[in-house]
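The values are calculated or read from the model by the stated rules, or taken from the named source; none is laboratory data. This structure is a prediction, so every number in the text was calculated from the model and none was measured. Cβ placement follows ideal geometry from the backbone for every residue including glycine, while neighbour counts extend to all protein chains displayed. Note: accessible area is taken over every heavy atom of the protein model, side chains too, but ligands, DNA and RNA are not part of it. Shrake-Rupley method; radii C 1.70, N 1.55, O 1.52, S 1.80 Å.
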Amino acid sequence: MSRIRTAGLLKMKQEGKKITALTAYDSSFAKLFATCGIDVMLVGDSLGMVLQGLDSTVPVTTAEVAYHTRCVRAGAPDAFVIADMAFMTYPDPSTACFEAAELMRAGANMVKLEGGEWLVETVQALTRQGIPVCAHLGLLPQSVNVVGGYKVQGRDEDSAAALVNQARALQAAGAQLLVVECIPSSLGEAVAKAIDIPVIGIGAGNKTDGQILVMHDMLGMNADYLPKFTKNFLAGRDSLTAAVEAYVDEVRSGAFPGPEHSFNS
Ligand code: KIV
């Protein structure tokens with residue numbers, strides 16, 4: 001597998017090639033994902049839910065994300081790995097830099113943090129220190145206690161326009177990638193068109209520059225509750241490899257996500 005870095009992801013956007021991404025937390029799955037052609041692996045703080053059995057990402061720590069980043073890096077030495085910055089580890093630029101450094105030492109190529117314009121100085125500081133940044137807009141799981149639940153964001157004109165402006169501000173601050181979560185497909189498309197950096201969607205329609213899913217969801221492991229925007233790629237297939245390859249194929253062709261996995265405004 002060739003080494004993908006931020007320049008490679010940017011080129012994919014420019015050439016209209018969809019970016020395939022999955023969360024990963026251990027070396028075995030990281031190795032499998034690399035073999036199947038996954039472009040980006042995210043060591044998400046979703047590990048709080050899917051690995052630790054918690055009901056939110058809030059209790060997850062930098063040490064825990066760093067541990068799983070080391071595991072992923074061991075399994076996929078050449079992969080492009082993003083590590084999530086944990087809840088309340090980026091209240092100011094200086095703290096963010098020291099916390100992010102732990103994730104970079106653990107093997108991350110980039111860190112991801114949730115929020116809009118209030119992060120501009122933090123993104124600038126991280127970038128200045130040599131730490132590439134992925135911003136995250138839309139539904140922000142770390143703010144679930146403020147927002148009052150996991151709800152689709154950007155449904156009205158004002159909040160949609162605000163989200164596009166936030167994306168522009170974060171790009172101008174130095175962010176090199178953006179994840180947008182649970183927004184209408186039309187807004188996913190508008191954000192991807194409004195900025196030059198690649199936009200990876202989860203529940204944001206199929207017009208973003210790439211897709212990401214939580215690996216447990218796309219392997220149908222949470223059978224009681226499968227969010228609308230996800231799909232069980234293992235259903236009807238007889239191996240993990242076949243499931244991940246099907247995900248890669250459907251993201252690349254634009255078949256996933258279909259309208260049944262997307263939100264309207
Ligand atoms: O933590 C995570 O898994 C994420 C994805 C939902 C993008 O941030």
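Just one of the numbered conditions (1) open to solvent by less than 20 Å² (accessible area, probe 1.4 Å); (2) within 16 Å of the ligand (Cβ to nearest atom) is not true of residue 131: (2). Which residue is least open to solvent (accessible area, probe 1.4 Å), if the candidates are limited to region 134-158 and must be farther than 18 Å from residue 46 by Cβ and charged (D, E, K, R)? Filtering first and then ranking leaves 156. Counting only residues that are open to solvent by 60 Å² or more (accessible area, probe 1.4 Å) and under 17 Å from residue 22 (Cβ atoms), region 49-73 holds 2 of them. Within region 182-216, restricting attention to residues that are within 12 Å of the ligand (Cβ to nearest atom) and part of a helix (DSSP H, G or I), the residue that is surrounded by the fewest Cβ atoms within 10 Å (Cβ to Cβ) is 216. All of (1) in contact with a Pro (Cβ under 9 Å, 6 or more places away or on another chain); (2) of a type in the set (Lys, Arg); (3) without any contact (Cβ under 8 Å) to a residue 40 or more places away in the chain hold for residue 155 with one exception: (3).
Applying the selection to region 4-42, what residues are in a loop (DSSP other than H, G, I, E, B) and surrounded by fewer than 20 Cβ atoms within 10 Å (Cβ to Cβ)?
Just the residues of region 4-42 that are in a loop (DSSP other than H, G, I, E, B), to begin with: 4-5, 15-18, 24-26, 37-39.
Listed by number, the residues that qualify are 4, 5, 15, 16, 17, 26, 37.
Of all residues in region 171-194, those satisfying the criterion of being within 20 Å of residue 12 (Cα to Cα) and touching a strand residue (DSSP E or B) at 6+ places or on another chain (Cβ under 7 Å) are 174, 175, 176, 177, 178, 179, 180, 188, 191, 192. Considering every residue within region 4-22, establish whether at least one is more than 16 Å from the ligand (Cβ to nearest atom) and under 11 Å from residue 72 (Cβ atoms). Checking region 4-22: not a single residue is more than 16 Å from the ligand (Cβ to nearest atom) and under 11 Å from residue 72 (Cβ atoms). Restricting to region 107-128, name every residue that is away from the ligand (no atom under 16 Å from the Cβ) and small (Gly, Ala, Ser). Residues satisfying the conditions are 107, 125.
Here residue 107 passes the criteria (1) in contact with a Lys or Arg (Cβ under 8 Å, 6 or more places away or on another chain); (2) in contact (Cβ under 8 Å) with a residue 40 or more places away in the chain; (3) not charged (D, E, K, R) except the one numbered (2).
Exactly one of (1) among the charged types (D, E, K, R); (2) within 13 Å of the ligand (Cβ to nearest atom); (3) part of a helix (DSSP H, G or I) is unmet by residue 45. Its number? Exception for residue 45: condition (3). Taking first residues from region 57-84 that are under 12 Å from residue 29 (Cβ atoms) and partners that are open to solvent by 40 Å² or more (accessible area, probe 1.4 Å) and part of a loop (DSSP other than H, G, I, E, B), the Cβ contacts under 8 Å between residues at least 6 apart in sequence or on separate chains come to 68/26; 68/51; 71/26; 72/26; 75/26; 79/1. Selection of region 77-89 for residues being open to solvent by less than 10 Å² (accessible area, probe 1.4 Å) and within 14 Å of the ligand (Cβ to nearest atom) yields 81, 82, 83, 84, 85, 86. The residues of region 156-175 that are under 23 Å from residue 20 (Cβ atoms) and away from the ligand (no atom under 16 Å from the Cβ) amount to a single one, 171. Across region 221-264, the number of residues qualifying as loosely packed, with under 14 Cβ neighbours inside 10 Å and either of a type in the set (S, T, N, Q) or closer than 21 Å to residue 208 by Cβ (or both) comes to 10.
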